[in-house]
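This report concerns only the one structure given below.
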Amino acid sequence: CAVSSTALSAHTRTDAAMGDFDAGSVFFSDQGRDQGRGVAAASVTSPAHTKLKFREFLRGFREGETYVYRDMLRAAIGMKHHLLEIDIDHLMMFDDGLAGELLQRPSYHLPLFEQAAMEAAVHLSYTDEATVEEQQLAIQVTLTSTKHPITIRQMLSSQVSKVVTVPGILISTSKVKAKATTIFAQCTNCQNVKQMPVRAGFAGASLPRTCDRARQPNEPPCPLDPYNIMPEKCKYVDQQTWKLQESPEAVPTGEMPRTVMMSVDRRLVDRASPGNRVTVTGIMSIMSQNVAGGKVAIRTPYLQVLGVRHGFEARTAEGDSLSEFTQAEEEHFAEMSRDPDLQKRLFKSIAPSIFGSDQVKKAVACLLFSGARKELGDGARLRGDINVLLLGDPSVAKSQFLKFVEKAAPVAVYTSGKGSSAAGLTATVTQDSATREFYLEGGAMVIADGGVVCIDEFDKMREQDRVAIHEAMEQQTISIAKAGIKAQLPARCAVIAAANPVKGRYDSSVSFHDNVDLSEPILSRFDCVCVVKDEMDPIADERLAEFVVRSHKRSHPEAVADDEVQQQEDLRDAGKYIDQALLRKYIMYARTFVRPVLRDVDVGKITQVYTELRRESQSGGVSVAVRHIESIIRMAEASARMHLRDQVRQDDVDLAISVMLRSVINSQKYAVKRSMEIKFSKYLVSGQDANQLIEFQLRRLFGQAAELNALRRATLPVAVLLEDFESRAKEVAVDDLSQFYKSDSFLGDGVARIGFRRTRNASGAEVLVRASDLQTYNNAVAAETAA
């Protein structure tokens, strides 16, 4: 805003009249507002009285037996960083009225607060007045608050000139510049020197058009525009411009994320870099823009930053906190972790609206919980995030898995490969149209720091764009060296991508590399490659159709449990699935507080699996490299996190090995896949994996029996001899079937699995039939026996 000569002379007269302002009842505020009530308020509270209150707060506030701000003041003076961070909540506890005045009129109270901080340091003997005068010491007071944050969308005109707290993601920062706080200008005609203050933020000052020096009689006036700036006498502070953007999870559906410019000065510059999630406390100010058409009343809001705190409280769409946990919630999480069937429930709760795809759900669960990030002694870092690639036929719910991860992960960014560029995913250097200055702006992987990036249609990306994310996927950093800017941004995020085969459908008769148009370097960065095939199976297709119809019936807005069977199914399902809101909080709790370590695990087993798998993978499937050893360790740590364990156990390693083996085996050609399943069956057979393997063999036998019945035109329901089934189980190294006969894989769950039952045929031999066909089969056998 321009400063007229009349306003400057009034300011000078006011300064002259305020020589003894400590006892006066009139103050001057350069905010230029609230003149009416400002004079009345000053009659009650003078600047000297306000400084006294601030000084008492710094000296007297304590938590327990600790004087919080005395210690902080001593550290600020002793370490010479001269920065004092004040929690507004502490000030409210000490003096609610003083805190309210500070929040309503920050530009007036903050300079007094900083003067009070320096006086308190002198009174407490942390420094002396001579040192303060000699070194021109000044303490910068910053404000932080964790209560009542508002979003960028809630920054309305009613908040102008007041303190607000706004969380968001920093997407760009400018270079540090010198901002003048006091300008000295000299008249070129009479050498008169004029001092002018400059308001903080993006505000500036303009030179007066005429010289206001008192004239002698008959002395000619100075010409128009006589003042020139004296740069060597002006006082400066460091200033930087930031751009803050809404977090992706806070943006309403269908809306564009909004941004706000911020002015950062003095010791707050370079306190954060693009990609950081920060909570900013500042004064909501307005600045004029060069608007075409002469709309001088239009002002653009910006934040004059008073304090920065890294991180912010993550919240769900309903407003529930994801980063703060009550004692009752922690006790409930601990109780959940002791459930022996927790892992099974977790896998079922991953995308419960999707039928089957058990291996994909295990990989997605490991991705959501993630491993532990490590720093080696030589400064190198090992990522803990798990990257997953879903490759398969159309209509196998790849995009649905990505959408589920976007909703379930605490921090997630969803993007499409066709609509994404290298700059949009990593970072870009842009030029400010006004200042012509280059600055750095983070992309999707920078914004998703600490979360997950979901990339759909990964195969549709251009090759040069995929190459750009190589560094981010392994080193988890993004390096930029453009336009004079050299920087390294954090990109500590997991990547889940979905891609289609080259010919549209996956062809098991050719090698994996002939099915996918992705380079080896990018494939090796995925910890798990899930090949999802749409195979024809009469039994599986029937179960899938029943599941889809049942899901549509239940999902209807006016759906009711109209029969007793459906009510029983709903009650039975209630204990098998975890509520999605609870699952999201559980994932956040595990990622925040659990850091499992490897102890007492069979290292030889991991070594043996790696050597055998590396030898077998040369036959055309996914290539196995050293990175896959780290992948097994990361997935084992994720499995331990699911149970909130601080140590990785052998069963965690077994789960990680089975997920890795399935990833490699399913990518092989059909003949090689069968031989590898038999060779690695001892690693695959463990708990639920054994049941799934046996169920797969049983369904294959039923499929063959159904074809045989069709050829014979038999009227009996399909049945499989128990002897044939048990011999098939022995082929995959499973001798004991007692646990399988008790599992849902055999008995069914009443929802997705129909189940099987044991009975006898007309010859007296034991057979297996589907549960739904049991009564019909027994009646037919009885009729045949009676005949």
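Only alpha carbons enter this Debye calculation for segment 383-476, each as an equal point scatterer, and the log10 of I(q)/I(0) it gives at q = 0.16, 0.17, 0.19 Å⁻¹ is -0.72, -0.79, -0.96. Dividing the alpha-carbon radius of gyration of segment 118-181 by the rule-of-thumb value 2.2 N^0.38 Å gives 1.70.
Can you work out the base-10 log of I(q)/I(0) for segment 203-248 at q = 0.32 1/Å, using the Debye formula on its C-alpha atoms alone? Ignoring solvent entirely, the Cα scatterers give -1.23. The simple spin-label model puts a point 7 Å past each Cα toward its Cβ; for Glu542 and His49 those points are separated by 8.8 nm. Using heavy atoms of the protein chains and a probe of 1.4 Å, the accessible area assigned to Lys179 is about 30 Å². Positive-end ranking of Ile169, His628, Leu747 along the dipole of the chain, with charges on Cβ about the Cα centre, is headed by Ile169.
Placing unit charges on the Cβ atoms only, positive for Lys and Arg and negative for Asp and Glu, gives segment 326-453 a dipole magnitude near 520 debye about its Cα centre. Sparse packing (at most 11 other Cβ atoms within 10 Å of the Cβ) combined with a DSSP loop state is found for the following trypsin sites (Lys or Arg not before Pro) in segment 641-747: Arg713. The residues of the chain expose on average 49 square angstrom of accessible surface per residue, using a 1.4 Å probe on protein heavy atoms. Between Arg59 and Arg554, the contour length at 0.36 nm per residue exceeds the alpha carbon distance by 171.9 nm. Lys348 exposes around 40 Å² of accessible area when a 1.4 Å probe is run over every protein chain in place. Projected onto their three principal axes, the Cα atoms of segment 196-292 cover extents of 72, 35, 17 Å, largest first. Based on the Cβ-Cβ distance of Asn189 and Gln431, what FRET efficiency does E = 1/(1 + (r/R0)^6) give at R0 = 35 Å, to the nearest 0.05? The value I calculate is 0.30. Largest to smallest in accessible area, the residues Asp270, Asp378, Asp225 fall in the order Asp378, Asp270, Asp225 (1.4 Å probe, all protein chains included). Here each label is just a point 7 Å from Cα along the line to Cβ, and for Gln580 and Tyr236 those points are 5.5 nm apart.
Computed with a 1.4 Å probe over protein heavy atoms only, the accessible area of Cys528 comes to about 0 Å².
If one computes the Cα centroid of segment 228-270 and of segment 59-104, what distance in Å separates the two points? Using only Cα atoms to place each centre, the spacing works out to 25 Å. Give me the percent of Cα-Cα pairs in segment 147-240 that sit more than 22 Å apart, rounded to a whole number. Every Cα pair in segment 147-240 considered, those over 22 Å come to 53 percent.
So what's the back-of-envelope 222 nm ellipticity for the chain, counting only DSSP H runs of four-plus at -39500 (n - 2.57) apiece and dividing by all residues, rounded to 500? Numbers along the way, then the final one.
On the way: 31 runs with 318 residues, N = 787.
Dividing the helical sum by the residues of the chain leaves -12000 deg cm²/dmol.
Above 19 Å lies some portion of the pair distances; for segment 348-401, what is it as a whole percent of all C-alpha pairs? Summing the P(r) of segment 348-401 above 19 Å gives 41 percent of all pairs.
If you place +1 on the Cβ of every Lys and Arg and -1 on the Cβ of every Asp and Glu, how big does the dipole about the Cα centre of the chain come out, in debye to the nearest 20?
Numbers: 97 positive and 102 negative charges, 352 e Å.
My answer is approximately 1700 debye.
Let me have the relative contact order for the chain, percent, based on Cα pairs under 8 Å that are six or more residues apart. Value for the chain: 9 percent.
Pairwise alpha-carbon distances in segment 590-740 exceed 19 Å for 61% of all pairs.
Does segment 52-208 classify as rounded, prolate or oblate by the C-alpha gyration tensor (a ≥ b ≥ c root eigenvalues; a/c under 1.5 gives rounded; else a/b over b/c gives prolate, otherwise oblate)? Mind showing how you got there, number by number?
Numbers: a/c = 1.97, a/b = 1.19, b/c = 1.65.
Here segment 52-208 falls in the oblate category.
Taking each of Lys175/Lys235; Lys51/Lys80; Lys576/Lys673; Lys407/Lys669 in turn, the alpha-carbon distance tops 29 angstrom for Lys576/Lys673; Lys407/Lys669. Element breakdown for the chain at a 1.4 angstrom probe: carbon and sulfur atoms account for 51% of the accessible area.
Size of segment 94-137 from its Cα atoms: along the principal axes, largest to smallest, the extents are 34, 21, 7 Å. Both the radius of gyration and Dmax for segment 424-490 are 13.0, 39 Å, in that order, over alpha-carbon atoms. A viscosity of 0.890 mPa s and a temperature of 25 °C, combined with the Kirkwood radius over Cα pairs in Stokes-Einstein, give a translational diffusion coefficient for segment 420-563 of 131 µm²/s. Taking amide H as placed 1.01 Å from N in the peptide plane, the amide H of Ile578 sits under 5 Å from that of Ser349, each at least 5 places away or on another chain. Diffusion coefficient of the chain by Stokes-Einstein, Kirkwood radius over Cα pairs, 20 °C, 1.002 mPa s: 68 µm²/s. DSSP finds beta bridges in the chain, and of those with both partners inside it, around 70 percent are antiparallel.
Around the amide H of Tyr302, modelled in the peptide plane, lie the amide H atoms of Ser285, Ile286, Met287, all under 5 Å away and 5 or more residues distant in sequence or on another chain.
The values are calculated or read from the model by the stated rules, or taken from the named source; none is laboratory data. Quick caveat, the model's predicted, so the values are computed rather than measured. FYI the Cβ positions are ideal-geometry reconstructions off the backbone, even for glycines, and counts take in every protein chain you see. Keep in mind that these areas ignore ligands, DNA and RNA; they rest on the heavy atoms of the full protein, side chains included. Shrake-Rupley method; radii C 1.70, N 1.55, O 1.52, S 1.80 Å.
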